[in-house]
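> Provided herewith is a single structure, encoded as structure tokens, for subsequent inquiry.
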């Protein structure tokens, strides 16, 4: 998440940096965050969050217990209320951060960095569609600065072919090493959330008019299609069809 780059003007100080910009569709952020924060062991989830969390709860007519932690609140509240609470918190945190970076920072100078090959955009949904292809493109981009110029094309034949083979072999090895992280092929301990629960949680958000409209706006601000069905179609995801089968109009 591009939290450290949230102030757009901070890009000016990154005169030689190369950045990997990772985003995720906002509704999926909400669903995943809710499921993960119910049980995760991260210390901040178990610490009272003070006035900011209390103000968020009051704005949603949710009553928190004295010094209640986020994790305790999410487990105490019913599923629908807890999900909406976590989604609203995420909208003011990581979802807002990635939208600001995309819609403001890119417009104020990062486009030049992209044109120079110094920013690599990676959307989490791409790993669902083509995990190996996505990681391959990332590793090729990361290795590019260390490749001699003749390895990037040109008329130098002998060294170019040799270096190309070496770089290709290294990229292939890295892609193979990363394959165990593909959730479509491997389950990673307890981090992978229950698929049936995700479907139910998506339905709750899509069926909530206000929250659904907010998520659509943030989709657009982060460079996704605003309409949820269009987003699913673009990345070949079955979620919109599942929602329609559950009686939700998109």
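The values are calculated or read from the model by the stated rules, or taken from the named source; none is laboratory data. From a predicted model like this one, the values you see are computed outputs, not experimental measurements. So basically every Cβ, Gly included, is an ideal-geometry build from the backbone, and we count neighbours across all protein chains shown.
> State yes or no: is residue 74 modelled with pLDDT of 95 or more and at negative phi?
So residue 74 fits the description; yes.
> Then there's this: Has segment 25-48 got any residue that is in contact with a strand residue (DSSP E or B) (Cβ under 9 Å, 6 or more places away or on another chain), assigned by TED's automatic domain parsing to the domain that holds residue 215, in contact (Cβ under 8 Å) with a residue 60 or more places away in the chain and in a loop (DSSP other than H, G, I, E, B)?
Yes, segment 25-48 has at least one match.
> When the residues of segment 76-105 are narrowed to those that are free of Cβ contacts under 8 Å to residues at least 24 places away in the same chain and over 16 Å from the mean Cα position of the chain (by Cα), which ends up surrounded by the most Cβ atoms within 10 Å (Cβ to Cβ)?
Filtering segment 76-105 for residues that are free of Cβ contacts under 8 Å to residues at least 24 places away in the same chain and over 16 Å from the mean Cα position of the chain (by Cα), the one surrounded by the most Cβ atoms within 10 Å (Cβ to Cβ) comes out as 77.
> Which condition number does residue 67 fail, the rest of (1) in contact with a strand residue (DSSP E or B) (Cβ under 9 Å, 6 or more places away or on another chain); (2) part of a helix (DSSP H, G or I); (3) at pLDDT below 90 being met?
(2)
> Considering segment 57-75 alone, what residues qualify as being under 27 Å from residue 101 (Cα atoms) and crowded, with 18+ Cβ neighbours inside 10 Å?
57, 70
> If a residue must be over 18 Å from residue 201 (Cα atoms) and assigned to a helix (DSSP H, G or I), how many such residues does segment 70-109 contain?
Count: 16.
> In addition: Specify which of the listed residues (155, 190, 164) is at pLDDT below 90, more than 30 Å from residue 37 (Cα to Cα) and not in a helix (DSSP H, G or I).
On inspection, the qualifying residue turns out to be 155.
> What residue, of 243, 184, 226, 203, is modelled with pLDDT of 95 or more and either closer than 14 Å to residue 128 by Cβ or in a loop (DSSP other than H, G, I, E, B) (or both)?
226
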